[in-house]
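Notes follow the structure.
The values are calculated or read from the model by the stated rules, or taken from the named source; none is laboratory data. None of these values were measured; they are calculated from a predicted model. With ideal geometry, Cβ positions are generated from the backbone for all residues, glycine too; neighbour counts draw on all protein chains shown. For the accessible areas, the whole protein counts, side chains as well, though only heavy atoms, and no ligand, DNA or RNA atoms are used. Shrake-Rupley method; radii C 1.70, N 1.55, O 1.52, S 1.80 Å.
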Amino acid sequence: MNRQLEELIAKSSNIVFFGGAGVSTESGIPDFRSVDGLYHQKYDYPPETILSHTFFEQHTEEFYKFYRDKLIVKNARPNAAHLRLARLEAQGKLKAVITQNIDGLHQAAGSKNVFELHGSTLRNYCTRCGKFYPVDFIAESTGVPRCSCGGIVKPDVVLYEEGLDEATLVGAIQAIEAADLLIVGGTSLAVYPAAGLLRYYRGPELVLLNKAPTPADRMATLILREPIGQVLDDGQG
């Protein structure tokens, strides 16, 4: 816990949390850009290429091989950060979580108002008939997963070259515009359009929880470099 952060939380009534991969690393899910993240591992193609719409269309089986191996994480559990944010929402102080993560851990912790900018591995659908499939269907399949109708079952995640869901984006912007405290955690603020959401914030206090510097550091009221779970943990999780 950090005393200055806790004071800001105590005096705020419309908090929004905007988070990236660093929120889930304490749950054992690797991020993309850290030294031991996905970008530093060796594949025939860089992860950013594999996770693109073009690669999905042209090398579908290779896409699923990587996707099963690296993006479906079994037995991941919410950490202290996820749990604290859910408690703040239950207390009526936190109004929304906006996340770039696709792991569903905020909802698993109990958060209700979650804007998933990049979708979720927990939702999968047939590209032909729209039938829904759970994550285990993808995880336990081989080759290209197929629906009973023969269509490809695609994860409901936003790939590079694909646009963000309009309704999700609008909801996230409205939440940020109304906030009196914006806490940004575990994101390099390097991936657009998600990183551009900060420009909609007009509130008095901006807190950045990230191990490395970000482009928004000069705007922040408070910058903390410790692990997010450690910073947000109030001992009640």
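Summary of values
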{"item": "Accessible area in square angstrom per residue, the stretch 162-209, 1.4 angstrom probe", "result": "41 Å²"}
{"item": "Carbon + sulfur, % of accessible area of the chain - ligands and nucleic acids excluded, 1.4 Å", "result": "50 percent"}
{"item": "Antiparallel content of DSSP bridges confined to the chain, in %, to 5", "result": "25 percent"}
{"item": "Positive-end extreme of charge dipole, the chain - chosen from Pro47, Gly203, Thr187 (charges on Cβ)", "result": "Gly203"}
{"item": "Cβ-placed point charges (K, R +1; D, E -1), dipole of the stretch 1-120 about Cα centre in debye, nearest 20", "result": "620 debye"}
{"item": "Dipole of the chain, positive direction: furthest Cα of Gln236, Pro155, Ala216, with charges on the beta-carbon", "result": "Gln236"}
{"item": "Charge dipole magnitude, Cβ of K and R +1, D and E -1 - the chain, Cα centre, debye nearest 20", "result": "300 debye"}
{"item": "Rounded accessible area of Thr54 (nearest 10 Å², 1.4 Å probe)", "result": "60 Å²"}
{"item": "Long-range lysine pairs (8 or more apart or interchain), the chain, Cα under 30 Å", "result": "29"}
{"item": "Choice from Ser111, Ser12, Ser120 showing the highest fluctuation, given a GNM over the chain with Cα pairs closer than 10 Å", "result": "Ser12"}
{"item": "The stretch 120-145-the stretch 196-237 distance, computed between alpha-carbon centres (Å)", "result": "35 Å"}
{"item": "Probe 1.4 Å, accessible area per residue of the stretch 55-161, Å²", "result": "45 Å²"}
{"item": "Prolate/oblate/rounded call for the chain, Cα gyration tensor, a/c under 1.5 rounded", "result": "prolate"}
{"item": "Candidate residues Arg84, Arg68, Arg218: accessible-area rank, largest first, probe 1.4 Å", "result": "Arg218, Arg68, Arg84"}
{"item": "The stretch 105-237: C-alpha gyration tensor shape, a/c 1.5 cut-off, then a/b vs b/c", "result": "prolate"}
{"item": "Length added when fully stretched, Tyr43-Gln174, from 0.36 nm per residue minus Cα-Cα", "result": "43.2 nm"}
